[in-house]
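What follows is one structure encoded as structure tokens, with my remarks underneath.
What follows is calculated from the coordinates using simple rules that are stated; it is not laboratory data. None of these values were measured; they are calculated from a predicted model. Positions of Cβ are generated from backbone atoms using ideal geometry, with glycine treated the same way; all protein chains shown enter the neighbour counts.
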Amino acid sequence: MKKSYVTWLLIALFVGAIAHPALAKVEVLTFTSPAKEAIYKQMIEELRCMVCQNQNLADSDAELAADMRKEVYEMVEEGKSADQIKDFMLVRYGDFALYRPPVKSTTWALWFGPFLLVGVGVIVLILLVRQRRRDPEQSANLSAADRRRAEALLKDADEKTP
């Protein structure tokens, strides 16, 4: 009885292994010139997937990325330049469409925000360390009465220890 389950499991795994590559989508694009192909490759590297947000169009498997790649391909084949394609995407999706957006007032938070957060974190850490070094008793947050009580308990514990 167990052999039949194992056999069916192996058959299912085999069929799954064979069918998996068939599920992958492959885009086959033909270009009228190598220059157009170069522009296409440059553009899909520079444009961001709007779904994934951390991948460019070349690396993304999202359906929107496939649509955007198709749009770029069509514009390249129409003879549009890289700048024209980039301008079209910027009008349609904003600066976020670029994988490396330009530094301007609307993208300052994107460019400088992480450095600002790290800087604030370092300053807070330095202030905390300095405060503890200046007054170690205060950093323990014990009042004088609590400290005396703790010392008495430790003394009692030492006396009871054989």
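Once both axes come from the Cα atoms, what is the angle between helix 63-77 and the longest principal axis of the chain, in degrees from 0 to 90, rounded to 10? Approximately 50 degrees, to the nearest 10.
For the chain, the relative contact order works out to 14 percent when only alpha carbon pairs closer than 8 Å and six or more residues apart are counted.
Quick one: helix 2-23 against the long Cα principal axis of the chain, what's the angle to the nearest 10°, folded into 0 to 90? The helix 2-23 is inclined about 60 degrees to the chain. Summarising the overall dimensions of the chain from its C-alpha atoms, the Rg and Dmax are 31.6, 93 angstrom.
Under a model in which nothing but the beta-carbon of Lys, Arg (+1) and Asp, Glu (-1) is charged, the range 25-125 shows a dipole of about 300 debye around its Cα centre. The angle between the Cα long axis of helix 34-46 and the main principal axis of the chain comes to about 20°, on a 0 to 90 degree scale. Restricting the calculation to Cα atoms, the range 35-79 shows an Rg/Rh of 0.97 when the hydrodynamic-style radius is the Kirkwood one. When the chain is treated as a Gaussian network with alpha carbon springs shorter than 10 Å, the biggest mean-square fluctuation among PHE14, PHE115, PHE88 belongs to PHE14. Each helix, a run of at least 4 DSSP H residues, gives -39500 (n - 2.57); summed and divided by the residues of the chain, these come to -22500 deg cm²/dmol at 222 nm.
Highest mobility in the GNM of the chain, judged by mean-square fluctuation with C-alpha springs under 10 Å and restricted to LEU116, LEU64, LEU142, is found for LEU142. On the principal axes of its alpha-carbon atoms, the range 68-162 has extents of 92, 31, 16 Å, going from largest to smallest. Counting Cα-Cα pairs of the range 25-102 in 5 Å increments starting at 0 gives whole-percent bin shares of 3, 18, 30, 27, 16, 6, 0.
Can you tell which of GLY121, ALA66, THR107 lies farthest toward the positive end of the dipole of the chain, using +1 and -1 charges on the Cβ of basic and acidic side chains (Lys, Arg; Asp, Glu)? Checking the options against the dipole of the chain, the answer is GLY121. Approximating the spin labels as points 7 Å out from Cα along Cα→Cβ, the GLU78-to-TRP108 distance works out to 3.6 nm. Between ALA12, ALA109, ALA58, the residue with the greatest mean-square fluctuation in the GNM of the chain (Cα pairs under 10 Å linked by springs) is ALA12.
Centre-to-centre, using Cα atoms only, the range 143-162 and the range 52-105 are separated by 70 Å. For the range 107-160, the alpha carbon convex hull comes to 100 Å³ per residue, rounded to a whole number.
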